1. Helix 180-190: angle to the longest alpha-carbon principal axis of the chain, degrees 0 to 90, nearest 10?
2. Under a plain spin-label model, where a point goes 7 Å from the Cα along Cα-to-Cβ, how far apart in nm are ALA274 and ARG43?
3. Suppose every Lys and Arg Cβ carries +1 and every Asp and Glu Cβ carries -1, with no other charges. What dipole size does the chain come out with about its Cα centre, to the nearest 20 debye?
4. Which of rounded, prolate, oblate describes segment 130-291, given a ≥ b ≥ c as roots of the alpha-carbon gyration tensor eigenvalues and a/c under 1.5 marking rounded, otherwise prolate only if a/b is larger than b/c?
5. If you stretched the chain out fully between THR149 and ARG192, how much longer would it get, using 0.36 nm times the residue separation minus the C-alpha to C-alpha distance?
6. Which shape class applies to segment 73-171: rounded if a/c is under 1.5, otherwise prolate when a/b exceeds b/c and oblate if not, where a ≥ b ≥ c are the square roots of the Cα gyration tensor eigenvalues?
7. For ALA111 and ILE261, what does the FRET efficiency come to when R0 = 51 Å and r is the distance between their Cβ atoms, rounded to the nearest 0.05?
8. Give the peptides 60-70, 155-165 in descending order of average Cβ contacts within 10 Å, highest first.
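What follows draws every value from the coordinates through simple rules; no lab data is involved. In this text the structure is predicted, and so the values were computed from the model without any measurement. When we count neighbours, we look across all protein chains shown, and the Cβ atoms used for this are built from the backbone with ideal geometry, even at glycine.
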Amino acid sequence: MTAPLRVGLLGCGRIARLAHLAVLSRLRGVNLVALAEADPQRRAEVRRLPAVAMVADYRELLDRPDVEAVIVALPPSLHADAAITAFERGKHVYMEKPLALNLAEAARMLATWRRTGLVGMIGFNYRFNQLYATAREQIGAGRLGELVTARSVFSTSTRPMPEWEQTRERGGGALLSLGSHHIDLMRFLLGREIRDVSAGWRTQRTEHDTAVLQMRLDDGLLVQSFFSLSGVEEDRVEIYGQEGKLTVDRSWSLDVEISPITLRYARARHLARALRALRGIPHAVDKIMSPGREPSYRAALAHFAAAVRFGRRASPDFCDGYRSLAVVEAAERCGTTDRWISLGDPLDAGLGMAATSGAAVEAAARRPRGVADA
Ligand SMILES: NC(=O)c1ccc[n+]([C@@H]2O[C@H](COP(=O)([O-])OP(=O)(O)OC[C@H]3O[C@@H](n4cnc5c(N)ncnc54)[C@H](O)[C@@H]3O)[C@@H](O)[C@H]2O)c1
């Protein structure tokens with residue numbers, strides 16, 4: 001029998017305490033042996049865990065010879081240094097998303113990972129959510145016919161954020177925080193690579209906290225996604241095909257929903273679906289109240305541990321992290337060059353009239369060309 005994997009956790013912040021800590025302290029085949037957390041109050045909160053060494057800095061943890069693999073849940077600005085140092089010290093790495101702050105850092109991480117031949121997995125845990133796994137199977141089996149388009153929304157309600165999450169430079173923004181997941185999910189679900197990107201964003205509470213992303217895949221399929229850190233809690237993917245539409249709502253769906261292409265019997269189907277959904281309400285409320293109970297964190301970490309223990313390939317890996325980050329960077333370049341076509345006031349431009357009020361606009365639109373105000 002293979003000995004349990006000795007794991008260290010780097011960073012005991014929000015996501016580690018919502019998900020990783022509970023999973024790692026119970027996961028079969030894993031021994032959580034050390035934690036690194038810079039904040040003394042957070043260290044005190046997790047000190048109750050028995051037989052787990054606690055250090056203040058992640059680099060100190062990476063010096064420990066008893067740690068074989070690490071889970072990195074540090075702010076993104078520390079991801080590159082943590083991964084490169086870990087690989088160089090012979091430790092396998094599970095890296096929370098995004099892979100890094102930018103592609104230059106990510107390229108150095110990939111080079112070290114490839115040179116050392118260790119396991120390097122990226123925390124796109126939603127691939128391990130059963131709903132998305134089933135959706136991928138259904139799409140792959142041709143249930144939707146030829147695909148037409150796809151769209152998605154990933155947004156969270158306003159919540160207090162650590163400083164790093166409030167500026168893009170330190171790893172924040174809707175594209176890195178939320179978009180990186182859905183960019184990966186589209187590749188995973190549709191089995192195609194992303195070829196072209198266009199995007200726009202807005203800053204309201206924190207930098208780039210809302211973004212709209214359009215992607216053209218390598219067969220021409222168009223995907224549109226909306227991300228917001230200041231919106232309503234929602235995580236939804238819809239894939240349209242010539243023979244049906246597939247919907248996954250991560251919080252509410254009990255199963256992948258496939259709708260036919262016409263509205264025939266739509267009301268009856270809607271009612272039947274609503275009745276079926278009643279069974280799942282406690283489960284859905286539980287998920288919304290406790291996002292850390294999202295089952296995919298456990299499944300992703302179990303996959304990583306098994307890959308290390310049994311010498312298997314882990315997927316998604318650092319290449320998938322790199323591809324997702326490349327889309328984010330391209331979207332940002334697109335946003336900063338501001339490739340928007342400015343309409344100005346279209347009535348003013350087209351009819352030569354300044355539209356000052358709704359009534360004036362309508363009057364101007366109704367008036368035949370060339371008729372001036374009395
Ligand atoms: N997979 C997901 O769905 C998901 C969800 C949320 C966050 N994340 C990712 O997880 C990472 C952490 O996010 P978070 O929300 O938990 O952030 P956080 O700020 O709450 O946690 C980061 C922790 O790292 C600690 N830290 C900072 N410097 C350190 C050092 N030198 N040594 C040891 N500890 C140090 C901080 O004190 C903090 O407690 C980010 O990359 C984020 O994008 C992933």
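1. With both axes taken from Cα atoms, the answer is about 80 degrees.
2. 5.5
3. Values: 51 positive and 43 negative charges, 254 e Å.
Charge dipole, the chain, about its Cα centre: 1220 debye, nearest 20.
4. Working: a/c = 2.28, a/b = 1.31, b/c = 1.74.
Verdict is oblate for segment 130-291.
5. Numbers: separation 43, 0.36 × 43 = 15.48 nm, distance 1.27 nm.
In short, 14.2 nm is gained.
6. Working: a/c = 2.49, a/b = 1.42, b/c = 1.75.
In terms of gyration-tensor shape, oblate.
7. Result of the calculation: an efficiency of 0.60.
8. Values: 60-70: 18.3, 155-165: 14.3.
Packing proxy ranking, top to bottom: 60-70, 155-165.
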